[in-house]
Amino acid sequence: MFRSVLLIATLSLIASPLLAQQNGSGQREGGDSLLMYGKDHVFAIKAPKGWTVDAATGQKLGLHAVLYPEGSSWRDAATTMYTNFVHKNAEAPTIGKIIADDIAGYKKDSPNIIVEDAASLPLGSGNEKVIVKHFRGDKGRNVEAVAYVDESKVVVMIVLSTRSEKDFLATLPVFTELVHSYRFVGDNVTIGK
């Protein structure tokens with residue numbers, strides 16, 4: 001009971017200003033922090049300056065939200081970012097197994113894909129580092145970076161997807177900024193109807 005009250009109080013303090021900064025489409029209005037949630041996880045990220053956050057499109061795709069440069073759209077942007085998650089379960093109880101399954105999924109769709117270990121990135125505190133993989137040569141010729149954040153009940157994935165190596169290299173600092181902004185709030189979440 002105490003944990004639930006504490007979580008509700010914490011979420012109220014965090015969510016009120018964060019959610020107040022978004023309009024119905026998920027675009028920012030004067031602020032850029034976002035609260036993302038689902039079963040067993042709540043976290044906040046800060047959208048990079050010059051990026052649009054589109055929660056409606058993200059939810060249609062089964063994601064928290066999608067991000068793309070202002071003046072473009074999810075469909076037309078050469079560079080996009082989004083967050084996703086995988087629940088830990090009996091078949092995939094660890095971050096290592098979830099990453100292996102993710103790589104297997106990429107290779108199933110694109111057998112010639114190249115997967116590279118990238119330098120780990122720090123989260124906001126600077127103390128915790130996350131695993132990062134780069135994917136090149138999928139069937140759509142995309143270049144992607146995926147940061148895997150290990151939490152108690154889920155692995156959160158922060159993804160950068162570009163259509164060219166040039167765009168990928170140009171956007172890596174923005175991706176690093178997004179990963180660095182990640183803050184986990186909690187894993188005891190009840191979502192009402």
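Filtering the range 165-187 to residues that are open to solvent by 40 Å² or more (accessible area, probe 1.4 Å) and in contact with a helix residue (DSSP H, G or I) (Cβ under 9 Å, 6 or more places away or on another chain) leaves only R183. For A65, state whether it is surrounded by 14 or more Cβ atoms within 10 Å (Cβ to Cβ) and of a type outside the set (V, I, T). So A65 fits the description; yes.
So how many residues does the range 130-149 have that are surrounded by 14 or more Cβ atoms within 10 Å (Cβ to Cβ) and at pLDDT below 90?
To start, the set of residues in the range 130-149 that are surrounded by 14 or more Cβ atoms within 10 Å (Cβ to Cβ) comprises 130-138, 142-149.
The next check asks that each one be at pLDDT below 90; those that pass are 137-138.
Qualifying residue count for the region: 2.
Taking (1) part of a helix (DSSP H, G or I); (2) touching a residue at least 40 places away in the same chain (Cβ under 8 Å) in turn, Q59 satisfies each apart from (2).
Can you tell me which residue among V174, V159, V185, V189 is at pLDDT 95 or above, in contact with a strand residue (DSSP E or B) (Cβ under 6 Å, 6 or more places away or on another chain) and of a type in the set (A, V, I, L, M, F, W, C)? Break it down into steps so the answer makes sense when it comes.
Details: V174 fails: in contact with a strand residue (DSSP E or B) (Cβ under 6 Å, 6 or more places away or on another chain); V185 fails: at pLDDT 95 or above; V189 fails: at pLDDT 95 or above.
Just a single option satisfies the conditions, and that option is V159.
If the condition is being surrounded by fewer than 19 Cβ atoms within 10 Å (Cβ to Cβ) and out of contact with any helix residue (DSSP H, G or I) (no Cβ under 9 Å at 6 or more places or on another chain), then the range 35-48 contributes G38, K39, D40. Candidates in the range 103-117 are the residues that are in contact (Cβ under 8 Å) with a residue 12 or more places away in the chain and surrounded by fewer than 14 Cβ atoms within 10 Å (Cβ to Cβ); of these, the one that is nearest to A147 (Cα to Cα) is D117.
The values are calculated or read from the model by the stated rules, or taken from the named source; none is laboratory data. As the structure is a computational prediction, the values presented were derived from the model and not from experiment. In this analysis, Cβ positions are derived from the backbone assuming ideal geometry, glycine residues included, and neighbour counts consider all displayed protein chains. The protein model used for the area step is the full one, side chains on, heavy atoms only, and it has no ligands, DNA or RNA in it. Shrake-Rupley method; radii C 1.70, N 1.55, O 1.52, S 1.80 Å.
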